[in-house]
1. Would you check which residues across region 69-88 are among the charged types (D, E, K, R) and either in contact with a strand residue (DSSP E or B) (Cβ under 9 Å, 6 or more places away or on another chain) or surrounded by fewer than 15 Cβ atoms within 10 Å (Cβ to Cβ) (or both) and list them?
2. Output the residue which, of all residues in region 44-56 that are in contact (Cβ under 8 Å) with a residue 12 or more places away in the chain and more than 23 Å from residue 73 (Cα to Cα), is farthest from the chain's Cα centre (by Cα).
3. So how many residues does region 1-43 have that are at pLDDT 95 or above and more than 14 Å from residue 73 (Cα to Cα)?
Amino acid sequence: MKQEPHPPEKDSSGHTHAHEHGAALGGRAEIILSLLCGALLLSGWLLDRTMDDSSRWPWLLFVGAYAAGGYYTLREAIENLMAWQLKIDSLMLVAA
């Protein structure tokens, strides 16, 4: 007898989370990327305060922090839009 797969369970925010988060990083990718975001922001801020105004390094670190911090939010927003769902996370991403 063939068993039907169970639909993914929803968490407290209403997300089904049928996707894997950070398989390459052992399931802790979101926290690692959040810490990386903070480290890049701090590094960019420190470099901006110590280097001359023509340096591009601080801005590159800020862009890297934005990408690291927003990766999963962007990915989830794209999944929501492809499913024709508009959720608060997607709206916050557009506002940022």
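The values are calculated or read from the model by the stated rules, or taken from the named source; none is laboratory data. All of these numbers come straight from a predicted model, not from anything done at the bench. Cβ placement follows ideal geometry from the backbone for every residue including glycine, while neighbour counts extend to all protein chains displayed.
1. 75
2. 47
3. Going through region 1-43 one residue at a time, the tally reaches 8.
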